Each structure stands twice: as structure tokens, then as C-alpha cells.
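The values are calculated or read from the model by the stated rules, or taken from the named source; none is laboratory data. Only a predicted model underlies this, so the values are computations on that prediction, with no experimental measurement involved. Virtual Cβ from ideal backbone geometry, glycine too; neighbours counted across all protein chains shown. All accessible areas refer to the heavy atoms of the entire protein, side chains included, with ligands and DNA or RNA removed. Shrake-Rupley method; radii C 1.70, N 1.55, O 1.52, S 1.80 Å.
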Amino acid sequence: MTTRTAAALRATPDTAVAGAPAARRLVRDAVADPDRLRRVDIVGPGGHGKTVLLEALGAALRDAGVAVLRELPADAMPLPPDAVLLVDDAHLLDPARLERLTALAGTSGGRVVVAHRPWPRPPGTAALGAALAVHRPPLVLEALDPTGVGARAALLLRERPADDLIAYVHAQTAGVPVLVDRLIGAIIERAGRDRSRLALPGEPPTGLLAQLGYTLQTLDPGVRDLLLARALGAPLDVEVLVPLLNLPGPAAAVDELVEVARAAGLLGADGRSVPLVSAAVVARTPPASRLQLRRALAEIELGRGGSVLVVARGLLGTGASGARAAAVFRAAGDEALRTGDRWAGELYEAAARAGAPPLELAARRAEAAVYAGDLDLALAQADQVLAATEQVPRADAVRAGTAAAAVLARRGLLARSAALYRWMGGASGAPAAAVPALIGTGALAEARDVLHAPAVAAPGQRPPTVLESAEELMASGVYDAVCGSPTAALSQLTRAAGLLESSHRAALLPDTPAALAALVAVHCGELDVAQSVLERAVRVGLGGRGAIVRHRLLLGWIALFRGATPTARAALTAAAPAQSRLEPRDELVAAALEVALARRAGYLAALLPAWARAREAIVRHPVDLFVLQQLGELSIAATRLRESSWVRPHLDEAAALLARLGNPPLWTAPLHWSALHSAILVENAEEAQCHADALALGAGASRYAAALAAAAPHWVRLLHADVEADAVEAAARGLHAAGLSWEGGKLAGQAAIRTRDRKAMTALLACARALQSAPAPRPVAEPVPDVATPPSGLPVVRPQPGTAADPDEDSAETGLLSDREREVAVLVLEGLTYKQIGERLFISAKTVEHHVARMRQRLGSGSRGELFAHLRQIVGAPAR
């Protein structure tokens, strides 16, 4: 085989021709045994490489010493036995030449290879195809797949293309080889010699669109109109295209245009638009003509009840107005609302500008605004309807009430949300979605009535929707979490979340079933279940944009329980970036999470600003059942800062709420646990014992409650320095098993500090370190690569090259401190007291004082300021 033939084999089939494996075999057959090319029929749309393949085939045959003919022999002359006839564009042959070619293909002498488009099919085409197909099936050239696009891009770029470049080119060209070449060429030309500027264009290059526009201008006007109609969103439907394009006949006329466009490689094999071609034909068409076609398409679709979403989006910003335009925008908004499309609100707004009565659109605009996360707009639009219920249909009033109830719940006004659900139910009773709001505010008997109300099926009533089924499961789950089995509650809430995973309509509920499932799971000590259901909710976007913040914050809360403070901090940052404004319910969780992180790190300097944020969050959010854990965390911080007056009214409301619900142990345990620790902070042994007794009464509610109940008596006994090492260690490990890693380590550490038994102290310290250095949980938020958690549990920042803490830096002072002294130094620079440092490192305050004295002596520090300066040189600035 010659070098030229080998080059043809390498370059042609795999990079310029679709159907590369079959094309490669064809060229190999020509080189190995030309007799195998008795009759070959090559079929493919324009731009798919038929001509390129014939050229490569001819080159391979000539190099093999075979005569290649490109013209038909004269009449009555047979093909030479050793020659191969290559005919391109056979679909363009006149009838006489087509008949002659068919005759040659039907004889036994010579070899014939014919390439043509699948359309048009002039008379005689069928006979030619039959004659060629006697020996082998036709070779059909199709569009390139992503692998083929990557091979072509690698050849043109002379380097391996990036995956995103391959995906972009394939998406824009639909794999049509000639378009692939042109687009990659335009990208290369724009980058010039500097390949570092090789980037994906936001829109196809204008020069390329103009180039394609010249080709499109040569097409039949009917084909151009078809391509424009498809680019503007018209379906391949005779009922639409015949009136839209003013075609004379029904299906036949449409089929003709579609086949011509497909054969030219301007539509996909399935009739789909090629984005690059669509962009070119739109750019080539004057704006007035585009607008006219869009209006006509919208009228046709609206009249037949078809989809108007795509064409209505195209009309946005064109100034279209009037009753018909308003009807189009409204219908498109309804369509977007059903599918959760983000355009719904903008389409309703356009309908209002076009002349639709604002009150008729207000309920729909409220619902769309909830999905988009614009709660101010949602509440304003819903309020318009609720203030004029006598002027709107009952369905619109219920829609507005549902949207308003969801917004009020998110803003912490669960009682107002419940009142709206009551109003919507009227004589027929509140809907199942009201149950979480009713139970969350203590209306247990009312929730029971709603849940157990007999279902009355009216004649012809629609079957229950997915949303209705999810609402019923969610209602039953919340009720069982208070009055029934927590396991059954968790199962029902998880199933409700699964039902709504493909639906955006969860945004119109007072809370998402995933969030409620996670709360119940946390109260049960099932942190893995809580984490799993929340991660899935974030992944599928359950509940819309606003719910993502809630789900991420709850993931951070779970990480906090596990003792994974860097992960919790990352989740807080991801859910609530700096300067962001959260809704009151989310703000309360975020503030409590920030306070909890500062308290666990022992940073008093960080706790003060966190508490300032928390005070405002407490004021803005009334008490309900679903924020009791956060309230408990804030009560501990308030006690430590001697500001208990900020949370005392809320704690009293929480106690009254739980009493109205029958003091369900699943929900009372966390609040008693927080109150226990608040009592311990002020050394009130009597109050601490009361809460320990209350925890013991509810120990059977869940393993979480059991772990708290087992640990509580030991906290009370620690006030008297009474330590039973084995029992404390068992209780600490029980807390860890229930997901409370930090709580377990702290109990063991505090017991170690207070025991006088040296052996017991050593065992408890080992237990504390083991519990807090347990394997980290799987990530629940974006990874934080520069944060680590050492065995002590202290979050530190990994030193960057060039900082004072760089291990590669040659510092004589660095070796002066032991590992333990370096840990103490970091915390001293953070401003912690000796007692706080001791609690953090599970050593006594006296031991901390001893370490500091030794460091001061070893470093030769004459004052506290000099000591701090020396320590900063050694360990760097304190981590924040």
C-alpha cells in the first residue's frame, strides 16, 4: 500500500465521513480486492462526506493500479472489466443518463460505485437502487457522534480537544460533518495563533452565520421558510405548517419540503432543527418577517390548543400587544407554570403589558413568583386576589391562598399560614397541606380532623394527583411524628419527598417533605437518613430555588451534630453567602448554626457577632414545632452570654406549644437537653436534675432520646465532680452512636477534667479524643480543601507556602515548641481562657497554665505582648 493510500485511509473515513467504520471497510476492500466493489450504493445527505469518500476511494484504487472512471461510457459501450466507475450526485442525473447508469449497474461486467442524496428521487432511482443492492446493502452516511466530532476536532486542532469543545460543536452542528469543519475552523480563526484564546463562543461566530446564510439564500423559498419556522419553534405538524407557510396542499407539500431540507443536511434525520442552521436562517431573515411569522405561529397554536411556550418566548420584548397577544402570553405562562419553567412570571408580566386584566393574572403570577423565589412579588400578587375574592373565580382565590400560605410559612408566620388553609377549606375542611402548619402551631385536634375527614368522591371527580398523594403522605407523617410511630412518620415523609422529586409544585407547600423528613430523622438519631434525603432534594432541586437554601442549611445542621464543623461551616457559607438576605425561617437556622459553630470552637470573639445576628433572627421568627432545636441551641448561647431574657419568652411559648401537642417525647427531648446545659452553665443543679428526669421519662421515644437520657444524669453529677468513668464512657459513646459526636466527646472530656482518678482520667481523655477524631462523614456541601479537623477537633487552616507556618520554612523557633504546646499556642492567640483551652484539649486549666509558663520561659518573653509576638511568628495568625 502506498503512503498516499495509507493517508487516505487514516484521514478520510474517521474524520470527514459519517459512518466511519463502514467507510473504512469500503476503502480497505478497494485496496485489498477491487473485485469486491462490484456494486456499491452510497447514500447520505449533503455535507456528510459522500464526495470526500469517493475521492479517497478513487485515490486508493489508482494507487493499487486500478483504472478509475468518473464519466459514464458512451452509449452501447460496456464498462472495461478492470475499471471502476465512480459516480457522484446521481440524484442530479437527467433521465437518459440515469437509465444508462442503471443499465451498467445491471450488467455483469465492470464495477460501479454510486453516491447520491436520499432526496430527490427522480424516476429510475428505484431501479438503480435495486441493481446496486444486489451485491451489498447501501452504505448510509449518518451524522457524526461525539466521538467522531472529537476525532475531527483533533485533526483540525492538531491536539486533543477539550470535552466541553466537543460537546459544544456536536450540539451546535448535530454532527453534520461539513458544519463541524466550519464551526471548528471559525473557532480556530478567532483564536488566531494564540491557542490559549481558544474558547467556546457564547453565540455562533457572526462570520460563519453569514457564510451559511449565502448557502441558505440559494435554497427554494419554501425550504427557507420551513427552516425559519422550525427555528422559531414550529412543530413538524401538517396542521400547523400548511397554514403557516401558505402551502397549496396538505401532507405531500410538507413532506416534500422536509425531505429536501433533510437531504441537504439542514435538518436532522428525525426532522429536528440544527442549531447552527437555525441561527443562520434567523440572522438572514429581517426582524419584521420574523415577528410576522411568530405572530402567525402563535395564532395557529393558540387556536388549536397546541404549545405556545417557545413562540411566546420569542415574542417577549417585541412590543406585541392586544387581546390576541395577551392570550398567547397567558397561555404560554400557564404552560410554563405546569412544567415549572422559569419563564412563567415573565410571560404573565408580558400578558399584563399586552392588555390582560391584572386581577385575572394575579393568582398565577403569585404562584410563578413562589417557584422563582421572589416571595415579595408572590405575596403582593396573592394579596390582590385575597382582597377581592368576590371578583375572581374560587379556583383563583384558592391558588392565591395556597401561594400566600407557602410564603408565610417560609417567613416564619406558620400561624398565619394555618389561618389561610382554614379559610381555603371552608365548609369542606382544610386541605391535607394544612396539617404541618396546624401541628406546627399546636392545633392538634384540628389537624386530626383534617387528616381523618372522610373523603367524598363526587361523580366525575378527577383521580388524585401526585401532589395530592404527597400532601396526604406528608400530613400523615407529621401527625405520626407527634402522636404515632416516629418510624412510620419517617417512612411516610421520605415517600412524600420521593413522589415530588420530579415536581416543582412542592414549593407551594408550607415546607418540603424532604426538610420535614430530615427534622424527624434528626430527632430519631437517624442522621444518615436525614443526610441522604436532603442531598437528594438538593440534587433534584426539590421545592424550587428557595427550598435549596433550607435543605443546605439543614445539611449543615447535621454536619454540626456529627462534629464535622468545617463541613457545617461550608454548608452555611454555600447556603447563606455574606451579605445575602434570607427569609426569617432560613435566617433563624443560619443564625443558630453560626452560633453553634462559634460555641463549639470556643471562640468568644466569634460568638458575640453571631449572637447579635441571632437576636434579630429570634425577634423575626415566632416559635413553632420545627425550630425547637435551633431555639435550644440559642438558649445555651444566651445563657453563656448572660442574655437569657432574649430567649425566655420563646422558651415559654415552646413549652406551651408542646403542652398543646401532648408533650411528644420526640420533640421535647432536644429542648430539655438544651435547658439542661443552660442550667449547668449557671451551676443550677436542681433545675438540671429536673430536665434530666424529664429526659428519662421520654427515653423510649427514639435512640436519640435514649442517648440524651443516658447522658443527662452524668452531666448533673459533674456539677459535684462525681464521675463514674465506665458509665460516663458508655453514655458518651451512646451520644456518638446517635450522631452527637461533639456532645459525646465533650461529656467524656469534662468528666476527665473533673475526676481525681488518674487511670479514669486517662481512659476518658482517650475516649474523648477517639469520639471527636472518628472518621468524617461523607460531604454534605462543597468541599473545603484548606480546612482540616485534627484529632483535637479544632478547625485549623492548612498553612500556605510562604506563610509563617510553612513546614518548609527554616525557623529556629519552630522546634522550640512541642505539638501540644503548639495546640495551646493557637488557642491562646485566639483569646481563649485557660479553662476554655482545657475544655477544648481535654486537659485541666492548671495544665494549660503550665504549658504557657514553659513557652514563655523557653522563648524568653518578658511580657504577655512579647509572648504573643513570638507565638505569632511560630504558629502564624490565628485561624478564623
Among (i) 12, 30, 27, 22, 9, 1; (ii) 14, 44, 33, 9, 1, 0; (iii) 13, 35, 30, 16, 6, 0, the entry derived from the coordinates for P(r) over Cα pairs in 20 Å bins from 0, in percent: (i)
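Once the Cβ-Cβ distance between residue 25 and residue 580 is put in as r, and R0 is 56 Å, what FRET efficiency do you end up with, to the nearest 0.05?
Details: r = 60 Å, r/R0 = 1.08.
After rounding to 0.05, the efficiency reads 0.40.
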Sparsely packed trypsin sites (Lys or Arg not before Pro) within the range 261-291, loop by DSSP, other Cβ within 10 Å at most 14: 272
Please give, to one decimal in nm, the separation of the simple spin-label points placed at residue 682 and residue 389, each 7 Å out from Cα toward the Cβ. 4.6
Helix 177-191 sits at what angle to the longest principal axis of the chain, using alpha carbons and giving 0 to 90 degrees rounded to 10? 60
Share of accessible surface on carbon and sulfur in the range 568-686, whole %, 1.4 Å probe and ligands ignored, is 53
Report relative contact order for the chain in percent, whole number only (criteria: Cα-Cα under 8 Å, sequence separation at least 6). 6
Rounded to the nearest 10 Å², what accessible area does residue 113 show when all protein chains are kept and the probe is 1.4 Å? 0
Once you list every other residue whose beta carbon is under 14 Å from the beta carbon of residue 687, what net charge do they have if Lys and Arg are +1 and Asp and Glu are -1? -2
Relative to the present Cα-Cα distance, how much length would full extension add between residue 872 and residue 656 at 0.36 nm per residue of separation? 72.6 nm
Ranked from the most accessible area to the least, with a 1.4 Å probe and all protein chains present, what is the order of 746, 846, 835, 50? 846, 835, 746, 50
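State the extension gain, in nm to one decimal, for the chain segment bounded by residue 214 and residue 423, taking 0.36 nm per residue of separation less the distance between their alpha-carbons. Intermediate results must be reported in sequence, preceding the final value.
Values: separation 209, 0.36 × 209 = 75.24 nm, distance 6.40 nm.
Length difference between fully extended and current span is 68.8 nm.
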Residues of type lysines that residue 746 reaches as a straight line, Cα spacing below 17 Å, ignoring anything fewer than 8 places off in the same chain: 835
Accessible carbon and sulfur surface of the range 66-110 relative to its total accessible area, %, 1.4 Å: 61
In whole Hz, the Karplus estimates of ³J(HN,Hα) for the range 93-105 (6.51, -1.76, 1.60; θ = phi - 60°; x where Gly or Pro) are 5, 6, x, 5, 5, 5, 5, 5, 5, 5, 5, 5, 5
Give me the percent of accessible area attributable to carbon and sulfur for the range 711-774, probe 1.4 angstrom. 52
Set the Förster radius R0 to 22 Å, insert the Cβ-Cβ distance between residue 167 and residue 272 as r into 1/(1 + (r/R0)^6), and round the FRET efficiency to 0.05. 0.85
Could you work out how far apart the two model spin labels at residue 846 and residue 648 are, taking each label as a point 7 Å from the Cα in the direction of the beta carbon, and quote it in nm? 3.8
Given the rule -39500 (n - 2.57) for each run of at least 4 DSSP H residues, summed and divided by the residues of the chain, what is its mean residue ellipticity at 222 nm, to the nearest 500 deg cm²/dmol? -20000 deg cm²/dmol
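In debye to the nearest 20, how big a dipole does the chain give about its Cα centre with +1 on each Lys and Arg Cβ and -1 on each Asp and Glu Cβ? Kindly include the intermediate steps, with their values, before the conclusion.
Numbers: 92 positive and 90 negative charges, 210 e Å.
Dipole size: approximately 1000 debye.
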Tilt, helix 163-173 to longest principal axis of the chain (alpha-carbon atoms), in degrees rounded to tens, equals 50
So how far apart, in nm, are the two label points at residue 199 and residue 307 if each is 7 Å from Cα heading toward Cβ? 3.3
Whole Å is fine, so just give me how far the alpha carbon centre of the range 534-557 lies from that of the range 145-217. 38
At 0.36 nm per residue, minus the direct Cα-Cα distance, what do residue 237 and residue 726 gain on full extension? Give it in nm, one decimal, please. 168.2 nm
In Å², and per residue, what accessible area does the chain have when probed at 1.4 Å with the other protein chains present? 44
